[in-house]
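Q: My structure is below; once you've seen it, I'll send some questions.
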Amino acid sequence: MSGPSEATVAVGAVAPDRRDRRSLVRPAAVGATLALGYFVPTLLGGTELIFTTAVLIAIFAVMSYGNDLILSDLGEVSLGQTVFWAAGAYVTAVLVIDSGWGPFSSLLAALVISAAIAFVLGVLTIRTREFVFSLVTYAAAIIAAAIVSNMDFFGGSDGLVGIPILTIPLIGGEYQGFDNAAMWPIAYAMLVITIVFVARFRRSRLGITSLMTQMNPDLATTMGVDVRRTRVLVFTLSAPISALAGWLYAFQRGYISPDLLSAYYLLLMLTAVVLPGKRLLLGPLLGTTILVVQQQHFSFGGDVDKIVLGGILAVVLLTSPDGLAGWWRLIARRLRRRHSTDTDPDHDHEPRDHPSADPASDTEPDLATPAGARTKE
């Protein structure tokens, strides 16, 4: 029996080389992208306004990623996500002002307490879906706003002032976020960690099962998925993400007040997710960037900006529920159709309902179709 040909040996030797180069290029590309993202404020001028905009984009994007988990992965609209965002800020303020806690210990407390609140609320809403779920979560936000506005422990309607400068202990010294330029490295690191976490979540077993429960809960149940448990876990997991943003916002702002539970922040996080399109890894970051840049650099005034924010959300929901991604797909489809018509004049006269000759070209079964539904014809 003859051995392998020289061509086969050559191909076998080249394939690992290509894989090795690919494994080196990808980390290099990711590293270059991260470095470029970090230096964007400096490249844009490095002014205080630029760094303020960058820090707010990072904070509000992280806040919106928490809501993105519920909206995109569970398919529910939570109107109470501001509770976790405000919990992160209030827990931080109370602990650093009254008890002298450090930034890391107050962060840990904020994450744990927000997750505990979310777990309790998730258990209470375990049997609710869609409209009822949204109403219950909105009621939770109203109750939270009434509590912090009327209790002296939380500063009442005036809020809590006197939050110290964010000071992170380092070996041989400390790092202080005394202005937005100094806060930027912390905000950027927080944003990157959040994006990596969301990406890994969506590839995890919990992320996959959460998508299954959204598309077809009955089918997910027949496949052994505990739908209620999945909903509670994802809802609980979303809270620390928004609380993380609230933690940094408390230090960046220097004070907190009940306005953290206002409709403005709720509309901001919802629009940031819906505007680009749901279930896009960088969607909340893109949506937040558009909104914050408008408010910081092209503002029409406080109340008018709120009207613009609500108007954008309404227009997107009415014209394209899939957001900018839906518009992009529609435009691309029409351009392809026009191009095919121009290159093939008889394209429109071809029969459209002839069976496919290639079984592999058939579409995959839709998870949203109940089992056995395709056999009844």
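Q: Could you pull out the residue among Gly254, Gly246 that is at pLDDT 95 or above, closer than 28 Å to Ala110 by Cβ and small (Gly, Ala, Ser)?
A: Gly246
Q: So, in the range 275-285, exactly how many residues are under 11 Å from Phe60 (Cα atoms) and of a type in the set (A, V, I, L, M, F, W, C)?
A: Of the residues in the range 275-285, 1 are under 11 Å from Phe60 (Cα atoms) and of a type in the set (A, V, I, L, M, F, W, C).
Q: Mind checking whether some residue in the range 62-75 is part of a helix (DSSP H, G or I), within 26 Å of Pro164 (Cα to Cα) and aliphatic (A, V, I, L, M)?
A: The answer is yes; a qualifying residue exists.
Q: Step by step: first the residues of the range 184-193, then only those that are within 20 Å of Pro27 (Cβ to Cβ) and not aromatic (Phe, Trp, Tyr), then the one that is farthest from the chain's Cα centre (by Cα). Which residue is that?
A: Here the answer is Ala189.
Q: Filter the range 93-133 for residues that are surrounded by 15 or more Cβ atoms within 10 Å (Cβ to Cβ), of a type in the set (Ser, Thr, Tyr) and either at pLDDT 95 or above or under 25 Å from Ser257 (Cβ atoms) (or both) and give the result.
A: Ser106, Ser114, listed by residue number.
Q: Continuing with the same structure: If you go through the range 155-196 one residue at a time, how many are closer than 22 Å to Ile241 by Cβ, touching a residue at least 40 places away in the same chain (Cβ under 8 Å) and of a type in the set (A, V, I, L, M)?
A: 10
Q: Right, next: Mind checking which pairs have a first residue in the range 197-215 that is farther than 11 Å from Leu69 by Cα and a second that is charged (D, E, K, R), Cβ under 7 Å, 6 or more apart or different chains?
A: Thr213/Arg231; Gln214/Asp73
Q: State the number of residues belonging to the range 176-196 that are surrounded by 13 or more Cβ atoms within 10 Å (Cβ to Cβ), out of contact with any Leu (no Cβ under 8 Å at 6 or more places or on another chain) and farther than 23 Å from Ser64 by Cβ.
A: 3
Q: With the structure loaded, tell me whether Leu56 is surrounded by 13 or more Cβ atoms within 10 Å (Cβ to Cβ), closer than 22 Å to Thr288 by Cα, within 27 Å of the chain's Cα centre (by Cα) and modelled with pLDDT of 90 or more or whether it fails that test.
A: So Leu56 fits the description; yes.
Q: Could you pull out every one of the helices (runs of 4 or more DSSP H) wholly within the range 277-343 that has 2 or more residues that are modelled with pLDDT under 85 and within 19 Å of Ser72 (Cα to Cα)?
A: Of the helices (runs of 4 or more DSSP H) lying wholly inside the range 277-343, those with at least 2 residues that are modelled with pLDDT under 85 and within 19 Å of Ser72 (Cα to Cα) span 302-319, 323-343.
The values are calculated or read from the model by the stated rules, or taken from the named source; none is laboratory data. Note that the structure is predicted; figures quoted are calculated from it, not measured. Neighbour counts run over all protein chains shown; Cβ positions are idealised from the backbone, glycine included.
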